[in-house]
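The values are calculated or read from the model by the stated rules, or taken from the named source; none is laboratory data. What you see is a predicted model; the values in this text were computed from it and never measured. Here the Cβ is made from the backbone with ideal geometry for all residues, glycine too, and neighbour counts use every protein chain on show.
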Amino acid sequence: MTQHQPTTKLAVRLNQAIRDEITGLILSRGLQSGDPLPTETELVETLGVSRNSIREALKALQALDIVEIRHGYGTYVGRLSLDPFADGLTFRALHDIGRDLRSMTEIVEVREALEGALIRRIATTIPEADLAALDDVTHRMSERAAAGETFAEEDREFHEVLYRSLDNALVTQLLRAFWDVFHRVNHRLGVTDPNPKQTVRRHRAIVTALRKHDVERAEQAMAEHFRNLDTRVAQLRST
């Protein structure tokens with residue numbers, strides 16, 4: 001085992017170096033998501049490494065959504081999403097739940113801190129069209145709750161519409177990642193919303209405060225919404 005350690009460490013460093021070269025190439029050429037990368041043969045010639053080394057580096061970059069390998073067509077710049085981030089957080093949370101709920105609690109705390117700051121930014125500037133869209137989403141939530149159905153997708157839509165006037169793609173991706181992690185873990189463990197109608201009311205309270213452009217009330221309504229998420233996390237203790 002000890003004899004192979006230096007070789008393994010060298011391979012890891014080589015793989016990282018090749019990945020850095022490929023990402024550097026993407027940056028230097030100004031390639032955008034969906035643009036084709038040079039062929040394997042071209043990368044071998046440009047970087048002066050083996051075809052197998054190129055393939056291993058591309059696989060690692062694909063796992064990070066930096067590149068997309070389309071078999072039979074070539075390699076392209078990936079979507080550059082936060083999906084790998086969400087996958088890692090989901091696994092971490094599921095892994096830790098057997099011992100404690102710290103990971104899930106931390107995820108909710110980070111999301112609450114982010115949304116608490118964002119709600120203050122949009123409270124006095126949110127467009128009427130977005131308020132109307134939020135009314136529509138909460139109405140659909142209410143209908144599903146009354147029918148005894150879940151409304152996870154409507155919940156996701158609500159939080160995305162809430163901040164879309166900021167026109168910040170990273171905010172949207174971060175919130176989506178945190179949302180995905182929370183709901184994947186809950187779905188995996190069979191945890192459901194203990195009081196869907198109350199959840200609807202708390203979403204409506206956020207919209208009501210925003211209609212009045214009441215910054216403090218909007219922030220308070222968002223904090224109350226997160227108390228509901230805290231209750232969901234607490235349910236995990238009995239799983």
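Please report, ordered by residue number, the helices (runs of 4 or more DSSP H) entirely within the range 3-103 with at least 1 residues that are farther than 30 Å from residue 183 by Cα and out of contact with any helix residue (DSSP H, G or I) (no Cβ under 6 Å at 6 or more places or on another chain).
Correct list: 5-28, 40-47, 51-63.
In the range 166-213, what residues are under 19 Å from the mean Cα position of the chain (by Cα), surrounded by fewer than 18 Cβ atoms within 10 Å (Cβ to Cβ) and polar (S, T, N, Q)?
168, 172, 173, listed by residue number.
Output the helices (runs of 4 or more DSSP H) that fall wholly within the range 143-239 and possess 3 or more residues being free of Cβ contacts under 8 Å to residues at least 24 places away in the same chain and acidic (Asp, Glu), or say none.
It comes to 152-162.
May I ask you to list the residues in the range 32-59 that are touching a residue at least 12 places away in the same chain (Cβ under 8 Å) and farther than 27 Å from residue 81 by Cα?
46, 49
The rows are residues; the columns are (1) at pLDDT below 95; (2) within 22 Å of residue 77 (Cβ to Cβ); (3) touching a Pro at 6+ places or on another chain (Cβ under 6 Å).
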residue: 1; (1), (2), (3): yes, no, no
residue: 7; (1), (2), (3): yes, no, no
residue: 15; (1), (2), (3): yes, yes, no
residue: 34; (1), (2), (3): no, yes, no
residue: 38; (1), (2), (3): no, yes, no
residue: 43; (1), (2), (3): no, yes, no
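Counting only residues that are surrounded by 16 or more Cβ atoms within 10 Å (Cβ to Cβ) and in contact with a strand residue (DSSP E or B) (Cβ under 7 Å, 6 or more places away or on another chain), how many does the range 71-110 have?
Residues flagged as surrounded by 16 or more Cβ atoms within 10 Å (Cβ to Cβ) and in contact with a strand residue (DSSP E or B) (Cβ under 7 Å, 6 or more places away or on another chain) within the range 71-110 amount to 4.
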